[in-house]
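Student: Dropping the structure in here first, questions after.
The values are calculated or read from the model by the stated rules, or taken from the named source; none is laboratory data. Here the structure is a predicted model, which means the values were calculated and not measured. Heads up, the Cβs are rebuilt from the backbone with ideal geometry, glycines too, and the neighbour counts pull from every protein chain shown.
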Amino acid sequence: MKSGFVQQHLGEAARILRRLDVGAIEKMVRQLAALRRRGGRLFLLGVGGSAANCSHAVNDFRKLCGIEAYAPTDNVSELTARINDEGWAGVFAEWLKASRFNKNDMLFIMSVGGGDAEKNVSPNLVEALKLARQLGAGVVGIVGRDGGYTAKVADACVIVPPLAPQAITPHTEAFQAVVWHLLVSHPALKVQATKWESVAAGRKGGKS
(Lines give C-alpha, C1' and ligand atoms only; values in the text may rest on other atoms or scores of the structure.)
Protein backbone atom coordinates (compact mmCIF):
# COMPACT_ATOMS: atom_id res chain seq x y z
CA MET A 1 0.00 0.00 0.00
CA LYS A 2 1.39 3.38 -0.98
CA SER A 3 2.04 5.41 2.14
CA GLY A 4 0.15 8.70 2.35
CA PHE A 5 -2.03 8.22 -0.74
CA VAL A 6 -5.31 8.80 1.11
CA GLN A 7 -4.05 12.02 2.66
CA GLN A 8 -2.65 13.13 -0.69
CA HIS A 9 -5.90 12.50 -2.57
CA LEU A 10 -8.02 14.27 0.03
CA GLY A 11 -5.57 17.15 0.12
CA GLU A 12 -5.86 17.51 -3.65
CA ALA A 13 -9.65 17.51 -3.37
CA ALA A 14 -9.53 20.22 -0.72
CA ARG A 15 -7.34 22.42 -2.91
CA ILE A 16 -9.60 21.89 -5.91
CA LEU A 17 -12.67 22.78 -3.86
CA ARG A 18 -11.13 26.11 -2.86
CA ARG A 19 -10.33 26.88 -6.51
CA LEU A 20 -13.74 26.20 -8.06
CA ASP A 21 -15.06 29.19 -10.01
CA VAL A 22 -17.96 30.52 -7.95
CA GLY A 23 -18.93 32.97 -10.68
CA ALA A 24 -19.25 30.18 -13.25
CA ILE A 25 -21.44 28.15 -10.90
CA GLU A 26 -23.68 31.15 -10.22
CA LYS A 27 -23.99 31.74 -13.96
CA MET A 28 -25.09 28.12 -14.37
CA VAL A 29 -27.77 28.70 -11.73
CA ARG A 30 -29.09 31.68 -13.69
CA GLN A 31 -29.07 29.74 -16.96
CA LEU A 32 -30.96 26.82 -15.42
CA ALA A 33 -33.50 29.10 -13.74
CA ALA A 34 -34.14 30.79 -17.08
CA LEU A 35 -34.55 27.37 -18.72
CA ARG A 36 -37.25 26.42 -16.23
CA ARG A 37 -39.06 29.74 -16.64
CA ARG A 38 -39.33 29.27 -20.39
CA GLY A 39 -40.42 25.64 -20.04
CA GLY A 40 -37.36 24.24 -21.79
CA ARG A 41 -35.91 20.78 -21.34
CA LEU A 42 -32.51 19.81 -20.01
CA PHE A 43 -30.49 17.11 -21.81
CA LEU A 44 -27.50 15.77 -19.89
CA LEU A 45 -24.71 14.19 -21.93
CA GLY A 46 -21.64 12.29 -20.78
CA VAL A 47 -19.72 9.08 -21.40
CA GLY A 48 -18.20 6.58 -18.99
CA GLY A 49 -18.38 7.68 -15.38
CA SER A 50 -19.78 11.01 -16.48
CA ALA A 51 -22.73 9.19 -18.07
CA ALA A 52 -23.54 7.66 -14.68
CA ASN A 53 -23.36 11.13 -13.13
CA CYS A 54 -25.77 12.39 -15.80
CA SER A 55 -28.26 9.67 -14.92
CA HIS A 56 -28.17 10.61 -11.24
CA ALA A 57 -28.41 14.32 -12.05
CA VAL A 58 -31.47 13.78 -14.24
CA ASN A 59 -33.30 12.44 -11.20
CA ASP A 60 -32.27 15.43 -9.08
CA PHE A 61 -33.17 18.11 -11.62
CA ARG A 62 -36.55 16.52 -12.26
CA LYS A 63 -37.49 15.71 -8.68
CA LEU A 64 -35.91 18.56 -6.72
CA CYS A 65 -36.00 21.41 -9.25
CA GLY A 66 -39.02 20.65 -11.41
CA ILE A 67 -36.95 20.80 -14.60
CA GLU A 68 -37.84 18.32 -17.34
CA ALA A 69 -34.56 16.45 -17.85
CA TYR A 70 -33.26 13.48 -19.82
CA ALA A 71 -30.04 11.55 -20.47
CA PRO A 72 -29.78 9.57 -23.74
CA THR A 73 -27.46 7.07 -22.05
CA ASP A 74 -30.37 5.96 -19.85
CA ASN A 75 -31.90 4.18 -22.86
CA VAL A 76 -29.31 1.54 -23.67
CA SER A 77 -31.42 -0.04 -26.43
CA GLU A 78 -31.70 3.15 -28.48
CA LEU A 79 -28.14 4.17 -27.67
CA THR A 80 -26.59 0.92 -28.87
CA ALA A 81 -28.87 0.72 -31.89
CA ARG A 82 -27.77 4.16 -33.02
CA ILE A 83 -24.10 3.34 -32.40
CA ASN A 84 -24.47 0.15 -34.41
CA ASP A 85 -26.43 1.68 -37.29
CA GLU A 86 -25.22 5.29 -37.43
CA GLY A 87 -21.86 5.37 -35.65
CA TRP A 88 -20.47 6.64 -32.36
CA ALA A 89 -19.80 10.24 -33.34
CA GLY A 90 -23.39 11.12 -34.21
CA VAL A 91 -25.21 9.13 -31.55
CA PHE A 92 -26.12 12.05 -29.27
CA ALA A 93 -26.92 14.53 -32.03
CA GLU A 94 -29.29 12.08 -33.72
CA TRP A 95 -30.91 11.24 -30.39
CA LEU A 96 -31.48 14.94 -29.78
CA LYS A 97 -32.99 15.41 -33.23
CA ALA A 98 -35.44 12.57 -32.55
CA SER A 99 -36.34 14.35 -29.30
CA ARG A 100 -37.14 17.55 -31.21
CA PHE A 101 -34.32 19.38 -29.45
CA ASN A 102 -34.80 23.11 -30.03
CA LYS A 103 -33.70 26.61 -29.03
CA ASN A 104 -35.77 26.54 -25.83
CA ASP A 105 -33.82 23.54 -24.54
CA MET A 106 -30.35 23.17 -23.01
CA LEU A 107 -27.42 20.77 -23.07
CA PHE A 108 -25.63 19.98 -19.82
CA ILE A 109 -22.28 18.38 -20.58
CA MET A 110 -20.40 16.34 -17.99
CA SER A 111 -17.02 15.28 -19.30
CA VAL A 112 -13.38 15.03 -18.27
CA GLY A 113 -12.05 16.33 -21.59
CA GLY A 114 -15.06 18.24 -22.86
CA GLY A 115 -14.76 16.78 -26.36
CA ASP A 116 -12.01 17.21 -28.95
CA ALA A 117 -12.79 16.49 -32.60
CA GLU A 118 -9.17 16.76 -33.76
CA LYS A 119 -8.01 14.14 -31.24
CA ASN A 120 -11.17 12.05 -31.79
CA VAL A 121 -11.99 12.20 -28.09
CA SER A 122 -15.73 12.21 -27.32
CA PRO A 123 -16.70 13.31 -30.85
CA ASN A 124 -20.32 12.55 -29.93
CA LEU A 125 -20.24 15.43 -27.45
CA VAL A 126 -18.73 17.73 -30.07
CA GLU A 127 -21.46 16.93 -32.61
CA ALA A 128 -24.18 17.47 -30.02
CA LEU A 129 -22.64 20.81 -29.05
CA LYS A 130 -22.48 21.89 -32.69
CA LEU A 131 -26.16 21.06 -33.05
CA ALA A 132 -27.01 23.09 -29.94
CA ARG A 133 -25.12 26.11 -31.25
CA GLN A 134 -26.77 25.81 -34.66
CA LEU A 135 -30.22 25.80 -33.07
CA GLY A 136 -29.45 28.51 -30.54
CA ALA A 137 -30.04 26.20 -27.57
CA GLY A 138 -28.33 26.77 -24.23
CA VAL A 139 -25.15 24.96 -23.19
CA VAL A 140 -23.65 24.48 -19.74
CA GLY A 141 -21.05 22.04 -18.51
CA ILE A 142 -18.78 20.65 -15.81
CA VAL A 143 -15.51 19.51 -17.29
CA GLY A 144 -11.82 18.98 -16.53
CA ARG A 145 -8.45 20.24 -17.78
CA ASP A 146 -9.02 23.08 -20.28
CA GLY A 147 -12.61 22.00 -20.88
CA GLY A 148 -12.14 21.09 -24.54
CA TYR A 149 -14.88 22.03 -26.99
CA THR A 150 -17.46 22.33 -24.23
CA ALA A 151 -15.65 25.22 -22.56
CA LYS A 152 -15.20 26.98 -25.90
CA VAL A 153 -18.89 27.09 -26.78
CA ALA A 154 -20.76 26.92 -23.45
CA ASP A 155 -22.83 29.74 -22.02
CA ALA A 156 -21.55 28.74 -18.58
CA CYS A 157 -18.93 26.14 -17.78
CA VAL A 158 -17.21 25.01 -14.60
CA ILE A 159 -13.71 23.69 -15.20
CA VAL A 160 -12.49 21.49 -12.36
CA PRO A 161 -8.97 22.85 -11.71
CA PRO A 162 -6.36 20.29 -12.90
CA LEU A 163 -4.24 20.60 -9.74
CA ALA A 164 -3.37 16.89 -9.69
CA PRO A 165 -2.33 15.81 -13.22
CA GLN A 166 -2.12 12.16 -12.20
CA ALA A 167 -5.74 12.16 -11.03
CA ILE A 168 -7.63 14.34 -13.53
CA THR A 169 -10.40 11.80 -14.16
CA PRO A 170 -11.33 10.82 -10.59
CA HIS A 171 -11.30 14.42 -9.38
CA THR A 172 -13.28 15.74 -12.34
CA GLU A 173 -15.98 13.11 -12.05
CA ALA A 174 -16.13 13.52 -8.27
CA PHE A 175 -16.53 17.27 -8.52
CA GLN A 176 -19.21 16.92 -11.16
CA ALA A 177 -21.26 15.45 -8.34
CA VAL A 178 -20.30 18.21 -5.92
CA VAL A 179 -21.32 20.94 -8.37
CA TRP A 180 -24.58 19.41 -9.58
CA HIS A 181 -25.66 18.71 -6.00
CA LEU A 182 -24.91 22.35 -5.23
CA LEU A 183 -27.05 23.39 -8.20
CA VAL A 184 -30.08 21.29 -7.24
CA SER A 185 -29.78 22.53 -3.64
CA HIS A 186 -29.58 26.20 -4.64
CA PRO A 187 -32.64 28.20 -3.46
CA ALA A 188 -33.05 29.67 -6.93
CA LEU A 189 -33.61 26.17 -8.33
CA LYS A 190 -34.76 23.84 -5.56
CA VAL A 191 -38.54 23.52 -5.24
CA GLN A 192 -38.84 20.15 -3.49
CA ALA A 193 -37.30 19.21 -0.14
CA THR A 194 -34.95 16.25 0.01
CA LYS A 195 -36.28 13.35 2.08
CA TRP A 196 -33.92 13.17 5.04
CA GLU A 197 -33.74 16.93 5.51
CA SER A 198 -37.54 17.15 5.57
CA VAL A 199 -37.73 14.24 8.02
CA ALA A 200 -35.18 15.90 10.29
CA ALA A 201 -37.04 19.20 10.14
CA GLY A 202 -40.31 17.47 11.03
CA ARG A 203 -38.76 15.79 14.06
CA LYS A 204 -37.24 19.03 15.25
CA GLY A 205 -40.43 21.00 14.92
CA GLY A 206 -42.82 18.31 16.06
CA LYS A 207 -46.08 17.46 14.34
CA SER A 208 -47.52 20.06 12.00
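Student: Taking segment 91-105 as the region of interest, how many residues are in contact with a helix residue (DSSP H, G or I) (Cβ under 6 Å, 6 or more places away or on another chain) and at positive phi?
Tutor: Qualifying residue count, segment 91-105: 0.
Student: Which pairs have Cβ atoms under 9 Å, sit 6 or more apart or on different chains, and link a residue in segment 171-198 that is under 15 Å from GLY144 (Cα atoms) to one that is surrounded by fewer than 15 Cβ atoms within 10 Å (Cβ to Cβ) and of a type in the set (Gly, Ala, Ser)?
Tutor: Sorted first by the residue in segment 171-198, then by its partner, the pairs are GLU173/GLY48.
Student: Could you please give the count of residues in segment 35-47 that are touching a residue at least 60 places away in the same chain (Cβ under 8 Å), over 10 Å from ASP105 (Cα atoms) and out of contact with any Cys (no Cβ under 8 Å at 6 or more places or on another chain)?
Tutor: So the count comes out to 1.
Student: Given the criterion more than 12 Å from the chain's Cα centre (by Cα), surrounded by 14 or more Cβ atoms within 10 Å (Cβ to Cβ) and under 29 Å from GLU197 (Cβ atoms), identify the matching residue among GLU68, GLU78, GLU94.
Tutor: Numbers: GLU78 fails: under 29 Å from GLU197 (Cβ atoms); GLU94 fails: under 29 Å from GLU197 (Cβ atoms).
Unique residue meeting the criteria: GLU68.
Student: Filter segment 21-46 for residues that are touching a helix residue (DSSP H, G or I) at 6+ places or on another chain (Cβ under 7 Å) and part of a loop (DSSP other than H, G, I, E, B) and give the result.
Tutor: GLY46
Student: Quick one: is VAL153 surrounded by 15 or more Cβ atoms within 10 Å (Cβ to Cβ) and of a type outside the set (Ser, Thr, Tyr)?
Tutor: Yes.
Student: Of the numbered conditions (1) surrounded by fewer than 20 Cβ atoms within 10 Å (Cβ to Cβ); (2) under 22 Å from ARG145 (Cβ atoms); (3) over 15 Å from the mean Cα position of the chain (by Cα); (4) not acidic (Asp, Glu), ILE16 satisfies every one except a single condition; which is it?
Tutor: (1)
Student: Check ILE109, ILE168 and return the single one that is surrounded by 15 or more Cβ atoms within 10 Å (Cβ to Cβ), in contact (Cβ under 8 Å) with a residue 40 or more places away in the chain and touching a Pro at 6+ places or on another chain (Cβ under 8 Å).
Tutor: Result of the check over ILE109, ILE168: ILE168.
Student: May I ask you to verify whether ASP146 is surrounded by fewer than 17 Cβ atoms within 10 Å (Cβ to Cβ), under 24 Å from LEU182 (Cβ atoms) and at pLDDT below 95?
Tutor: Yes, satisfied.
Student: Within segment 25-46, restricting attention to residues that are over 15 Å from VAL178 (Cα atoms) and within 11 Å of the chain's Cα centre (by Cα), which residue is surrounded by the fewest Cβ atoms within 10 Å (Cβ to Cβ)? I'd like the intermediate steps shown before the answer.
Tutor: We begin by selecting, within segment 25-46, every residue over 15 Å from VAL178 (Cα atoms); these are 27, 30-46.
With the extra rule that they be within 11 Å of the chain's Cα centre (by Cα), the set shrinks to 42-46.
Values: LEU42: 23, PHE43: 25, LEU44: 27, LEU45: 30, GLY46: 28.
By that ranking, first place goes to LEU42.
Student: Let me ask another. Just one of the numbered conditions (1) more than 22 Å from PRO123 (Cβ to Cβ); (2) buried (at least 16 other Cβ atoms within 10 Å of the Cβ) is not true of ALA51; which one?
Tutor: With respect to (1) more than 22 Å from PRO123 (Cβ to Cβ); (2) buried (at least 16 other Cβ atoms within 10 Å of the Cβ), ALA51 is out only on (1).
Student: For residues that are modelled with pLDDT under 95 and basic (Lys, Arg), tally how many sit in segment 83-129.
Tutor: Going through segment 83-129 one residue at a time, the tally reaches 1.
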